[in-house]
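Here's the structure we're looking at; comments come further down.
The values are calculated or read from the model by the stated rules, or taken from the named source; none is laboratory data. On a predicted model such as this, the values are computed, not experimentally measured, just so you know. Cβ sites come from the backbone with ideal geometry, for glycine too, and all protein chains shown count toward neighbours.
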Amino acid sequence: MKESTRGALLVTARTLVAAGCVAVVVAARPTAGWGALAIMLAALAGLPAVLASYNRRFL
């Protein structure tokens with residue numbers, strides 16, 4: 001696989017994962033309870049994970 005294609009796929013995958021995490025947080029927001037809170041926290045933990053996967057190449 002070409003390096004440019006691999007880079008484009010990684011950017012697309014990271015964007016989809018970040019958008020999915022935000023969508024889960026927004027969808028779980030109206031419900032109350034510990035379960036919804038756990039779902040939102042798990043989705044919010046996904047955002048720093050995406051950021052860490054992006055910054056991994058710079059370390």
For residues in segment 22-48 being assigned to a loop (DSSP other than H, G, I, E, B) and among the small types (Gly, Ala, Ser), which is modelled with the highest pLDDT? Gly33
What are the pairs, 6+ residues apart or on separate chains, where a residue within segment 7-23 that is under 15 Å from Asn55 (Cα atoms) has its Cβ under 8 Å from a residue that is of a type in the set (Gly, Ala, Ser) and at pLDDT 90 or above? Ala18/Gly46
Within segment 12-25, residues farther than 11 Å from Leu47 by Cβ and surrounded by 11 or more Cβ atoms within 10 Å (Cβ to Cβ) come out as Ala13, Thr15, Leu16, Ala23
